[in-house]
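Chemist: Quick one: this structure, given as structure tokens, is what I'll be asking you about.
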Amino acid sequence: MGAIVRQIGERELLLGAACIVALLLFSLISPYFLTATNILTVLRNCNELFLIGLGMTVVLGIGGIDVSVGVVMGLAAIAVGRLLQADAGPLLSGLAGPLAGGVIGLVTASVVVLGRIPAIVATLGLFGVYRAAVFLALGGAWLSGLPTDLTSVLGAPVLGIPVALPVVAIAYLIVFVVIRHTPFGLHVLATGNSEVKARLSGVSVRRVQFTAYVISGICCGLAASFYIATYRNVAMTIGGTLALEAIAAVILGGTSILGGRMSLLGTALGVLLLRILQNGLLLVGVPSLWQPVVTGLLLILVLGTEAGRGRFDAASLTRHLRRPGRQGAAG
Amino acid sequence: MLKTRTLLLAVAAALAASTTFAAAQDKARVAFVPQIVGIPYFDAMQQGGEQAAKKLGVEFVYQGPVDTNPVDQLQIVQNLINQGVEAISVSVLDASSLAPVVEAAKAKDIKLFTSDSDAPDSGRALYVAQASDQGLGYTIIDEMVKRAGEDAKIGIVSGEATASNLNAWIGYMQERVKEKYPNVTLLDPQFAGGSAERAAQIAGDMMASNPDLKGIIAVASTTCPGVAQAIETAGKIGAVVGTGYCSPNTARAYLKSGAFGYSVLWDPSELGYLTVWAGKQLIDGKTIPAETTPEGMSHPVTYDDKTGILLLGDPAVFTADNVDDFNF
Amino acid sequence: MSSRTSLTLPILAGLWILIVAGLAILQPSAMALSTVTTVLQFSTLLALVSLGQAMVILGGGAGIDLSVGGTVSLVAIIAMLLDTAGVPSFLLPVVCLVAGTLLGLVNGILVTRLRLLPLIATLGTFYVYSGTALAITGGSAIGGAPAYLLPWGRGTLAGFPLPFVTLVLPLFVLAVLLLRYTAWGRWIYAFGFNERSARLVGIPVDRARFIAYGFSGLMAGLAALVSLAWLGSARPNIGQNLELTSLTAVMLGGVAIFGGRGGLVGVLAAVLLLVTLQTGLLQLNVNTIWQVGIIGALLILVLLVDNIRMIRRTA
């Protein structure tokens, strides 16, 4: 169990440097890039992905994956929206987000962990089921023009900073402390590293996995509250592509998709870099249709820098993934 | 196996539950296939279609794809043809997407026509138009210039880059600016797909990169909320005029907050009504006169025999002052 | 592995019969040849892409190809762009095959040479391929596919669509034979099941896996060709969602996500089941959103059944 949370490792430095280079480059080309309003716009657009990425980091950390997160946010957003419509007030509605997200996380966790179905297949199936649920819950219409109760709370600036940022920071801090300083955190990494070894060392592997999916659900739910506060609208297509974006950002950040290695700082930087590039490219006049291409190239390039260092050993990987119960992998 | 049986039962239950949807088939059927289900715009068309079906004594079938995917839409149309639905109207996602099924429809003597979004060279029977593409493109620019000035810089946020009706409107916007407002700068359109958050992201980026931006046009109704929210969030109410092709119900909150200066649309439920009416005329083999007031409608519509376009009328402009008079 | 495939097929067949029987009772008019034609017509693209996807997944090493949909779109666009640029139109099929294979081999290089995880590598190329197809066309379709293709793309033989008869069936038969009777096919299972032993006995794992990604690209290229011949135009989003539906079909068909287990007959059966289900629900005029939900639930249920069976056996 030698795995540790890497704090500031190579990848984080690389991403940090990439962010700074992108900032410099864009501000040289476009005079509007480095303005307060634009920076705030970029940060604002990061919110949901920050939170969903946080949950995804924990899920990948235990060696799982969840491709349904975007729609989970959608379902939670409907709960928040309906409560706002029913005049439940900002506090109750805002808290309903993480609560609903947590409940859906329980469902996901049950299917994946109790059903012992490979996470990618199970969550692919759930993606379809949840989409149908979104449609049912919306009944064909949109939630639009929702009351501004939540907006005035979550959208309000504190000392000039949108209140969302400190909330996101606190969420990251909580997860960081839990992972670094509690037995549970150790168990998460142990499980991700090698399920069998973790089990042999007395870790309740399935409880750890279960908890990870619930945490991810809560993060999606929190994202939903911010989503509603900002957009005051839920359409049927909500969150459709968010899951792949979140996975891309988390992988960029240096979290291993095989589990056992996670970097919260990396995730935050990955999200930031993606959004800076999307914003900057539009500012310098590249049509928005090219944005996915840049995301893809970035993913291949950054991950490609690890090429040939033997981090991915296909042979041990196959054994690592084999069911039932994973056998030990060299990490 | 016990579990296998449970599984089979579950599917059987699902199928049984769907019997309620199965339809009686003694009346002639008119189908409408929207670009996507679950959005208020097409919902309103569905309601209009149902009203017309009741009034005109036909049966109305409404089926559309969950994603704006032309192949899914084609599959739906093909299945309606197989069912022998007498008249099928489609709001095409892509002007050439009807090609493979036009022959199949002809062979079964099924009236295949377009509504809301056209496929001009496909051999469709006719096109039920909400307003002419030209009228829509021109109106939204004219209204924008009225509010933002003759030297304004205007941005465009559209939905799917593949939607041919949206692209046609954008084309006429560009034409109008070129011909009538030489000092207006119209930025290249950006595409947000179907999601509100992408639309908001793009609209926000657009305002940041163009601090002198005076207006943003949301072309797809799915992008309206995103654009409006971006204007509100950026604190640019009053400085940037938002608008789009969206219904009063969708735009109401934004018109009142001032994020939207106006909104341009027709009544989609009337369009749905007219669509079913047109389907009925086709089934009955009646020729549509150049100007007529269909049964159950309050105003006349025009039909151009040469182009096969049945026109609902002029687009309506909604503002904060008149928006409460409408409910769709 | 044999016990698993032998149970997958009966389950799929049972479900299929159930759907058809349900449809026959609820909508007797659907029992027509035209329904068969429609099901096969809309199975063709999915079947081709799923065949490639299945090969990649069978080959193990966490193999997966998320880029298949993007490849179909991009190949269709490339082919039509070259066609309009004056490349002789009789070369169009060749262009499709070559472009598809090359795009697939890019994945192969990323996975076997750069040692990127397949999920990451193909997520990257998914973004690049599908994004490029949309961006270079600005989203609009390119019409004017060569007229000689259309009779093949839209034609039928005794009610069976020509692309299905001339491509899907022969390719599946060929691939089944290949997997069962050639060394290459046995390798795929071998290193999919136990890579370390396979390497130890000298199987060129990397080369075979490289070829598997190329094959997946080739299948996507063929799918692009079929789409051109069928629709008569190249659409920049023709492959949208194919990555997820093909994955669903392959998993439903009994291929283990970690490779080495499962068969191609199951995959074809799963494709037909999925499209029959969609068609059945459409014929009954059930809202399309139910398709999405039912298919998702079906995937989970079938794997659950499979798991419970495996646990009982190991217990």
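Chemist: Could you calculate the FRET efficiency of C:ALA13 with A:THR305 from 1/(1 + (r/R0)^6), where r is the beta carbon distance between them and R0 is 45 Å, rounded to 0.05?
Modeler: In this case the efficiency is close to 0.40.
Chemist: Highest mean first, how do B:238-247, C:22-31, B:52-61 rank when packing is the count of other Cβ atoms within 10 Å averaged over residues?
Modeler: Ranked from most to least packed, the peptides come out as B:238-247, B:52-61, C:22-31.
Chemist: I'd like to compare B:80-88, A:165-173: which one has the highest average count of other Cβ atoms within 10 Å, and what's the full order after that?
Modeler: Those peptides, ordered most packed to least, come out B:80-88, A:165-173.
Chemist: May I pose another question? Longer than 28 Å from Cα to Cα, which of B:LYS54/B:LYS286; B:LYS108/B:LYS280; B:LYS180/B:LYS256 are they? Say none if no pair is. Walk me through the numbers before you get to the answer.
Modeler: Numbers: B:LYS54/B:LYS286 20 Å; B:LYS108/B:LYS280 17 Å; B:LYS180/B:LYS256 30 Å.
Distance filter (> 28 Å) returns B:LYS180/B:LYS256.
Chemist: Which Cα, out of C:GLY159, C:GLY60, C:LEU116, lies furthest along the positive dipole direction of chain C (beta carbon charges, K/R +1, D/E -1)?
Modeler: Of C:GLY159, C:GLY60, C:LEU116, it is C:GLY60.
Chemist: Go ahead and set up a Gaussian network model of chain A, Cα springs under 10 Å, then flag whichever of A:LEU126, A:LEU138, A:LEU200 fluctuates most.
Modeler: Between A:LEU126, A:LEU138, A:LEU200, it is A:LEU200 that shows the largest mean-square fluctuation.
Chemist: Antiparallel versus total DSSP beta bridges in the protein assembly as shown: what percent is that, nearest 5?
Modeler: Values: 16 of 48 bridges.
Percentage antiparallel, nearest 5: 35.
Chemist: To continue, here is another question. Can you give the charge dipole size of the protein assembly as shown about its Cα centre, rounded to the nearest 20 debye, using +1 on the beta carbon of Lys and Arg and -1 on the beta carbon of Asp and Glu?
Modeler: 4360
Chemist: For peptide A:141-153, how many partner chain Cβ atoms fall within 10 Å of a residue's Cβ, on average?
Modeler: What the average comes to for A:141-153 is 4.
Chemist: So, one more: If eta is 1.306 mPa s and T is 10 °C, what Stokes-Einstein diffusion coefficient results for region A:90-212, Kirkwood Rh from Cα pairs, in µm²/s? If you can, show how the numbers build up before the last one.
Modeler: On the way: Rh = 17.6 Å.
Translational D for this selection: 90 µm²/s.
Chemist: Then there's this: In region A:166-197, which residues have a backbone nitrogen under 14 Å from the label point lying 7 Å from A:ARG206's Cα in the Cα-to-Cβ direction?
Modeler: none
Chemist: Then there is this: Would you mind telling me which residue in A:GLY185, A:GLY128, A:GLY64 has the biggest mean-square fluctuation in a Gaussian network model of chain A, where springs connect alpha carbons within a distance under 10 angstrom?
Modeler: A:GLY128
Chemist: Name the residues whose placed amide hydrogens come within less than 5 Å of the amide hydrogen of B:ALA152, ignoring near sequence neighbours (fewer than 5 apart) on the same chain.
Modeler: Residues meeting the criterion, in which the H sits 1.01 Å from N, are B:THR185.
Chemist: Of all trypsin sites (Lys or Arg not before Pro) in region B:65-163, which ones are in loop regions per DSSP and have a Cβ with at most 16 other Cβ atoms within 10 Å?
Modeler: B:LYS108
Chemist: Separate question: Any idea what the relative contact order of chain B is, in percent, if you count C-alpha pairs under 8 Å spaced at least 6 apart?
Modeler: 18
Chemist: Could you tell me which of B:GLN35, B:ALA129, C:ILE17 has its Cα farthest along the dipole of the protein assembly as shown towards the positive end, charges placed at Cβ (Lys, Arg +1; Asp, Glu -1), taken about the Cα centre?
Modeler: The residue sitting farthest along the positive end of the dipole is C:ILE17.
Chemist: How many partner chain Cβ atoms sit within 10 Å of a residue's Cβ in peptide C:187-198, on average, as a whole number?
Modeler: Mean shielding count: 2.
Chemist: Using amide H atoms built 1.01 Å from N in the peptide plane, name the residues 5+ places from B:VAL128, or on other chains, whose amide H lies under 5 Å from its own.
Modeler: B:THR114, B:SER115, B:ASP116, B:LEU310
Chemist: Something else: Nearest 500 deg cm²/dmol is fine: what mean residue ellipticity at 222 nm does the protein assembly as shown get from its DSSP H runs of n ≥ 4 alone, each adding -39,500 (n - 2.57), divided by its residue count?
Modeler: The helix contribution divided over the protein assembly as shown gives -20000 deg cm²/dmol.
Chemist: Ok, one more. Give me the mean projected area, in nm² to one decimal, of the convex hull enclosing the Cα positions of the protein assembly as shown. Spell out each step's value before the answer.
Modeler: Working: hull surface 149.3 nm².
About 37.3 nm², averaged over all directions.
Chemist: I've got another one for you. Run the numbers on region C:1-139 and let me know its relative contact order in percent, using alpha-carbon pairs under 8 Å that are six or more apart.
Modeler: Here the relative contact order equals 27 percent.
Chemist: Right, next: Taking each residue in C:111-123, count the Cβ atoms of any other chain within 10 Å of its Cβ, then average. What number comes out?
Modeler: Values: counts 2, 1, 3, 8, 11, 8, 9, 3, 6, 11, 5, 2, 10.
Rounded to a whole number, the mean comes out at 6.
Chemist: Right, another one. Taking θ as phi - 60°, what are the ³J(HN,Hα) couplings along region C:81-94 by the Karplus curve (6.51, -1.76, 1.60), each to the nearest whole Hz, with x for Gly and Pro?
Modeler: Rounded to whole hertz, the list is 5, 5, 4, 6, 7, x, 5, x, 6, 5, 7, 3, x, 5.
Chemist: Could you give the size of the charge dipole of region B:133-265 about its Cα centre, using +1 on the Cβ of each K and R and -1 on the Cβ of each D and E, expressed in debye and rounded to the nearest 20?
Modeler: It works out to roughly 320 debye.
Chemist: Name the residue, out of A:ALA156, A:ALA79, A:ALA224, whose mean-square fluctuation peaks in a Gaussian network model built on chain A with Cα pairs under 10 Å.
Modeler: Ranking A:ALA156, A:ALA79, A:ALA224 by mean-square fluctuation puts A:ALA156 first.
Chemist: Go through the protein assembly as shown and flag any cysteine with no other cysteine's C-beta closer than 4.7 Å, please.
Modeler: Singleton cysteines: A:CYS19, A:CYS46, A:CYS219, A:CYS220, C:CYS96.
Chemist: Give me the one-decimal nm value for the distance between modelled label points at B:ASP321 and B:THR185, 7 Å along each residue's Cα-to-Cβ direction.
Modeler: 3.2
Chemist: Would you mind working out the magnitude of the charge dipole of region A:10-304 relative to its Cα centre, with +1 at each Lys and Arg C-beta and -1 at each Asp and Glu C-beta, to the nearest 20 Debye?
Modeler: The dipole of region A:10-304 has a size of about 500 debye.
Since every read-out is calculated from the coordinates, none of them should be taken as a lab result. Note that the coordinates shown come from a computational prediction; the quantities given were computed from them, not determined experimentally. No Cβ is skipped: glycine too gets one built from the backbone with ideal geometry, and neighbour counts run over all protein chains shown.
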